[in-house]
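Read the structure below first, then the notes.
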Amino acid sequence: SPCSSSGVSSSSSSGLGADAGLEIRTRSVEQTLVPLVSQITTLINHKDKPKRSDKTLQAIQRVGQAVNLAVGRFVTVGEAIANENHELKEEMSVACIEARRAGETIAQLTDVASLDHPESDSHITIFTDKTGVVKAARLLLSSVTKVLVLADRIVIKQIITSRNKVLATMEQLEKVSSFQEFVQIFSQFGNEMVEFAHLTGDRQNDLKDEKKKARMAASRAVLEKCTMMLLTASKTCLRHPDCESARINKDGVFHRMRLALEQVIEIVTDSRPNGENEMAPISIYSGIKEFKNKVEGLRENLYFLSKENLSTMLEVILEHTEDFTDSAYTSHEHREHILELSKQAKMELEQLVSVWMQAQNQKTKDLMEDLEVAILKTCQCMNELKREVHSAATSLAADLLKYHTDHMVLKALKITGVEGNLEAVAEYTCKLSEQKEQLVEMCRLLRHVSGTEPLEITCIHAEDTFQVTGPQIISAAETLALHPSSKIAKENLEVFCEAWESQLSDMSLLLREINDVFEGRRGEKRVYLSLPRPGKHNANLKALKPVKLDSEEQAKIAKLGLELHLLTSDVDSETEKWEDQENDVVQHGQGMSSMAYSMYLFTRGEGLLKTTQDLFHQAEIFATEGTKLASALHALSDQVHNDDKPLLLLEAEKLISMCKQLQITAKASAQGKSATFTKVDACILKTRNVMTLLRQLLPLCCKLLRKNKAGNGCLKPAPPWKEDRIRTGTNARTPERRADTFGIKSLENHVTNMTFLESK
């Protein structure tokens, strides 16, 4: 978006504007400009009243002086940056000189406190030369924006330089032949990746474009996971240099990391090496949305598009529905409904076009009423089609994720690999390839119904992950089967299997987000009504300054926040299993999960909780809700068998104790940045502990109720998956989920753990 859309446009009515060629892509630049624009707009838009009070004159002078002082401090920083970056020094220096000059001019023109004295009649001021103020303001905004954009270019240069260092070290890692040399170079590589993580993490948080932010997150997730893969794959190759499958495995990791690094640079520089912007194929959701907008636009203007244009748009949408109707995984019922609705959509459009053409020739009341009916029927049909494809995609995803949750193929590959059973490994790699095709198809269908561009990108990333990780698991398993006694080959297979399991876990979260969008809950998950409002939640807090976490603090607390996120997902999954959704235990559990999710968003610098004080207040409400849940558990204990009652009461007492501790922590005073962050950390930690207990409590309560009702059941029956499953006597639990974010901590751990590398 050009500068005019970043806050500068608020002064356009006064003739203000910044250099239209400059583009503001980051929040930090935009937020720096907004207060300046606001101050200048105040000056420009002052009312030229014949009689001016002393108060008005003093206010104008104060604003002018404040602008000049702020610009002076700003320019000092800009000049320091210029001295450190010689290639931009000239441009930066010119912009700084212009900004300083404009600030001084504004200060002179607003020096109006002595206007009522006759001796100052000849003094040129804002009242006698408003054009001069507008000119100075325009120059100031333009020059300040240039300084900011130049400073932003330096940040981009830092990221590119960091990427180049990583690439150069990767090339060295690829060529090493001795273990000792590999250890030394990987240690350097780890440090460089940590630096790259910090720089790109800050950049991701700063991006205004949500689509770019999602692409950046996806690329950084790849780099996070591939760093560990690169370590084990390279070690395996060094241990077994003549093994072809080990080499293929390693090459795949290096290739994927290079692609991810390239994508980060494309996003940061807003360019592509081949020039053309790569456009993702249109989804059914976005196609229907655009189509409906055009149809509804006929109410205002009968001539703004052609009937051919509208027909083409519908054809494109219906072509995409073939992804569902041609899929082997779409149920017969869904396929039939989609085909029926596609046929109906064509008929509704034909009727709409007929009435529309008549209305263009003769705008009678009856025809306009017929047109309105045709518009409504067409839009209703498209809504039904949208609902049907959403149901088809999400029900398939839910069934597939449930079916694959035990990771039996991965377990079988690990066992047969250690046994050196090449024939069995080949059999299970075929099964994994089939599983991969199912999951890839699931991702493609989910992309059509994801509802937002960031979620579409997440679906594309998930599809790529399954496409790439599947063959990598196969090559790692083949290597282990060829060298069954190799510890490093076994460790390598574990790492790739963990990446697969992690992506499956992330798909459950993604599915929930897609359903949230469809049901209108997107933004804050479910908005909890007790969220604090500024100034409303504690009368004695007026003197406290609201504080936000900076990027370094967010990085420190990211792991805790992620754990909280995963716990909310688990708790929500448990509550959804209850048939009685009105049960007090379920209601309080859902409320606590919603609040915990808001606290997780706070750790990312997102959501409704904007300041640390908001977080502390939310923690208090969360603890109160937990106490209410404990009361519900006491009531529930009267409904269960006497043998089970002590267990339930014991868990309730645990919950009360943990909630009291959280209340005390949230209410404790904290002065200073360090103490405030410690308090934030403690609140998130104690909230996580309560959520961990809640995750255990919900299935326990449901089990006890089911036992008491002797078969009436409080659980919904799980829909069966139709395909043949791998027969097994065990049904292991899903491993703990892992982060799909570029976690700085985990990278630092990679570097720390270098001392433990095998040296043989």
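Observations
- Test result for Leu560, in contact with a Lys or Arg (Cβ under 7 Å, 6 or more places away or on another chain) and modelled with pLDDT of 85 or more: no
- Selected residue (criterion: nearest to Arg220 (Cα to Cα)) from residues of the range 158-188 that are free of Cβ contacts under 8 Å to residues at least 40 places away in the same chain and surrounded by 15 or more Cβ atoms within 10 Å (Cβ to Cβ): Ser162
- Yes/no for Thr378 being in contact (Cβ under 8 Å) with a residue 24 or more places away in the chain and hydroxyl-bearing (Ser, Thr, Tyr): yes
- Restricting the first member to the range 699-710 and to residues that are among the polar types (S, T, N, Q) and at pLDDT below 80, and the second to residues that are surrounded by fewer than 21 Cβ atoms within 10 Å (Cβ to Cβ) and not in a helix (DSSP H, G or I), the beta-carbon pairs closer than 7 Å and six or more apart or on different chains are Asn708/Gln639; Asn708/Val640; Asn708/His641.
- Looking only at the range 638-669, and only at residues there that are among the small types (Gly, Ala, Ser) and not in a helix (DSSP H, G or I), the one that is least open to solvent (accessible area, probe 1.4 Å): Ala668
- Residue list for the range 189-210, filter: open to solvent by 50 Å² or more (accessible area, probe 1.4 Å) and either modelled with pLDDT of 90 or more or assigned to a helix (DSSP H, G or I) (or both): Asn191, Glu195, His198, Asp202, Asn205, Glu210
Each row is one residue, and each column tells you yes or no for (1) surrounded by fewer than 16 Cβ atoms within 10 Å (Cβ to Cβ); (2) closer than 19 Å to Ser286 by Cα; (3) within 41 Å of the chain's Cα centre (by Cα).
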{"residue": "Glu315", "(1), (2), (3)": "yes, yes, yes"}
{"residue": "Ser327", "(1), (2), (3)": "no, no, yes"}
{"residue": "Leu349", "(1), (2), (3)": "no, yes, yes"}
{"residue": "Leu352", "(1), (2), (3)": "no, no, yes"}
{"residue": "Lys365", "(1), (2), (3)": "yes, no, no"}
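- Annotation: of all residues in the range 442-460 being of a type in the set (S, T, N, Q) and either in a helix (DSSP H, G or I) or open to solvent by 10 Å² or more (accessible area, probe 1.4 Å) (or both), the one that is modelled with the highest pLDDT is Thr458.
- Top-ranked residue of the range 250-299 - restricted to ones that are open to solvent by 70 Å² or more (accessible area, probe 1.4 Å), assigned to a loop (DSSP other than H, G, I, E, B) and over 30 Å from Cys381 (Cβ atoms), ranked as modelled with the highest pLDDT: Pro273
- Among the residues of the range 70-112, the ones that are under 38 Å from the mean Cα position of the chain (by Cα), modelled with pLDDT under 85, more than 20 Å from Gln158 (Cβ to Cβ) and aliphatic (A, V, I, L, M) come to 3 in all.
- Cβ-Cβ under 7 Å pairs, at least 6 apart or on other chains, the range 648-662 side outside the structural domain of Ala630 (by the TED database), far side part of a helix (DSSP H, G or I) and of a type in the set (A, V, I, L, M): none
- When residues of the range 303-313 are limited to those that are closer than 12 Å to Leu352 by Cα and surrounded by fewer than 16 Cβ atoms within 10 Å (Cβ to Cβ), the one modelled with the highest pLDDT: Ser311
- Lys559 farther than 16 Å from Leu693 by Cβ, within 24 Å of the chain's Cα centre (by Cα) and not in a helix (DSSP H, G or I): no
- Within the range 211-249, if we keep just the residues that are free of Cβ contacts under 8 Å to residues at least 24 places away in the same chain and charged (D, E, K, R), the residue that is surrounded by the most Cβ atoms within 10 Å (Cβ to Cβ) turns out to be Arg247.
- Residue in the range 579-599 that is open to solvent by 20 Å² or more (accessible area, probe 1.4 Å), aromatic (Phe, Trp, Tyr), out of contact with any strand residue (DSSP E or B) (no Cβ under 7 Å at 6 or more places or on another chain) and in the same structural domain as Leu705 (by the TED database) present: yes
- The range 670-692, subset crowded, with 18+ Cβ neighbours inside 10 Å and under 17 Å from Thr575 (Cβ atoms), residue nearest to the chain's Cα centre (by Cα): Met691
- Where a residue in the range 300-319 is farther than 27 Å from Glu369 by Cβ and outside any helix (DSSP H, G or I) and its partner, wherever it lies, is open to solvent by less than 40 Å² (accessible area, probe 1.4 Å) and hydroxyl-bearing (Ser, Thr, Tyr), with Cβ under 8 Å and at least six apart: none
- Residue match in the range 704-712 (condition: out of contact with any Lys or Arg (no Cβ under 6 Å at 6 or more places or on another chain), surrounded by 19 or more Cβ atoms within 10 Å (Cβ to Cβ) and under 21 Å from Ser598 (Cα atoms)): no
The values are calculated or read from the model by the stated rules, or taken from the named source; none is laboratory data. Remember, predicted model here, so these are calculated numbers, not experimental data. Heads up, the Cβs are rebuilt from the backbone with ideal geometry, glycines too, and the neighbour counts pull from every protein chain shown. We work out accessible area using only protein heavy atoms, side chains counted, and drop any ligands, DNA or RNA first. Shrake-Rupley method; radii C 1.70, N 1.55, O 1.52, S 1.80 Å.
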